[in-house]
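Structure, as structure tokens:
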Amino acid sequence: MDLVLFAVLPTVLVGISLWRIPAAIHAGRPARSLCLTVGSLGLSLFLTNQAIGGPIHHLVPNLPVLLRHLLTLVSATYLLDYLDAVHGRGGRDRLRPGLPLLTASAGAMATIFFFLLPRAATPRADDVIIQHLGDVRVDLYMAITYAYLGVSMMSGTRTFWRNRRSVPRGLARAGTMLLAAGCATGALYTGWRLIIMAAAHFGEPENAVTNVTGDALALVTLLLIAVGLIVAPLRTLVRYCRDQRNLWRMHPLWADIAEQFPHLLLGEKPRSRWRELFTLGDRSIDVAHAAFTIRDGFLSITPWAAPDAPRPTTAGTDALSEALWVRAALTRKTGGDGHQNVDLVLHEQQLRGPTAEIRWAAQVASHYTKASS
């Protein structure tokens, strides 16, 4: 479990955050807040990993503890900022942790950490908290952390739950429900830790039961929030990969049609197949343009088809036949053969929606590429 929680999961979170940087820069506040939420949570989990936090701890004793807590507060703040940007909360719900409170809390925690905490070289960075729990300085430091998190988690729980029905069904709503559950568990965790701190202050140390309970609540909170956060970018990543695959399949046929009929391009400039593959950003418009360019190309190439060749208006059920037909017609046009005076029966052409048109164009293009190789 430690491998998943402190190595695999933070790697995924930080990777998604890096991949979403262009969207965070250009797509506005919701994308920026989500990118910062995912990235800061991933980095905080990385610092819990001894392989990463250990060397930092040996350079500056206990520093991973402060960095981990600050990154957690940053993640909670921008999670609420994401909620505010998406759902447009106002009125009384505006009373929530924000950048001014984050700055004040982070400043207070850093001051206490560097000037008051009894820091010393110990095997583990978090020994400064575990060994000195009950010390008023440690209690003050942790009280700021847990109070901030508690308010954030309660606010997140209320807002996610309240807005769950406004999110489309499917993965998006499932992610919202996971985030609501994760925030609720996080609120329970912060309440539990505050109780443990109060008990330690009055001479009741932690025991195995309280440790296991706290660790279980923290683990469940992290997993629920992390998976809930991943759902939205993951849907975008899946759609991006699907569009890139379709563009890769359609490119040879699209390029040949664009070369013969450049007027069909909707303002685009022809690009190489590999450059298309490594283009970032939303490709949904590009893949739709490519599919409709191919469809219009079938109509434009019809006059160069052999007289006995099946027309695309009647070959709509067989992708291989249509690929062979358009390949033969393009060969005749590029070879200088004269075009035939044929009548297009447009009403016989299959009418497809955008999704079906993209799927059909990709199928024909795949057969076209194989026939041309």
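At 222 nm, what value in deg cm²/dmol follows for the chain if DSSP H runs of at least 4 each add -39500 (n - 2.57) and the sum is divided by all its residues, to the nearest 500? Please report the intermediate quantities before stating the final value.
Values: 14 runs with 262 residues, N = 373.
Result for the chain, helices only: -24000 deg cm²/dmol.
Relative to the compact globular guide of 2.2 N^0.38 Å, what is the alpha carbon radius of gyration of region 211-256, as a ratio? In units of the 2.2 N^0.38 Å rule of thumb, it is 2.10. Scan the chain and report its longest stretch carrying no chymotrypsin sites (Phe, Trp or Tyr not before Pro) that are both in a DSSP loop and have at most 11 other Cβ atoms within 10 Å. My reading of the result: 1-201 is the longest stretch.
If you wrap a convex hull around the Cα atoms of the chain, how much volume per residue is inside, in Å³?
Numbers: hull volume 67.6 nm³, N = 373.
Enclosed volume per residue, from the Cα hull, is 181 Å³.
Note on the chain: dipole from Cβ charges, positive end direction compared against VAL326, ALA121, VAL151; the farthest Cα belongs to VAL151.
Using +1 at the Cβ of each Lys and Arg and -1 at the Cβ of each Asp and Glu in the chain, identify which of ALA27, VAL8, ALA361 lies farthest towards the dipole's positive end. Farthest towards the positive pole: ALA27. Shown here for region 156-225: trypsin sites (Lys or Arg not before Pro) in loop regions (DSSP other than H, G, I, E, B) with at most 12 other Cβ atoms within 10 Å, namely ARG169. For region 2-206, a simple Cβ point-charge model (Lys and Arg +1, Asp and Glu -1, everything else neutral) yields a dipole of about 1060 debye relative to the Cα centre. Its Cα centre serving as origin, the chain has a Cβ charge dipole (Lys and Arg +1, Asp and Glu -1) of approximately 540 debye. Here the label points at VAL238 and ARG273, each 7 Å from Cα along the C-beta direction, are separated by 2.8 nm in the simple model.
Here the Kirkwood formula, the inverse mean of 1/r across different C-alpha pairs, assigns region 2-206 a hydrodynamic radius of 18.1 Å.
Residues considered: GLY134, GLY98, GLY28. Largest GNM mean-square fluctuation over the chain, using C-alpha springs under 10 Å, is found at GLY28. Using the alpha-carbon positions of region 176-276, Rg (one decimal) and Dmax (whole number) come out as 26.7, 84 Å.
Evaluate Rg over Rh across region 66-185, taking Cα atoms for both radii and Kirkwood's formula for Rh. Mind showing how you got there, number by number?
Details: Rg = 16.9 Å, Rh = 15.9 Å.
So for region 66-185, dividing Rg by the Kirkwood Rh gives 1.07.
If contacts are Cα pairs under 8 angstrom and at least 6 residues apart, what is the relative contact order of the chain in percent? Normalised by residue count, the contact order of the chain is 12 percent.
Every number here is computed from the coordinates shown, using simple stated rules; none is lab data. Quick caveat: nothing in here was measured; it's all calculated off a predicted structure. For neighbour counting, all protein chains shown are included, and Cβ atoms are generated from backbone atoms with ideal geometry for every residue, glycine included.
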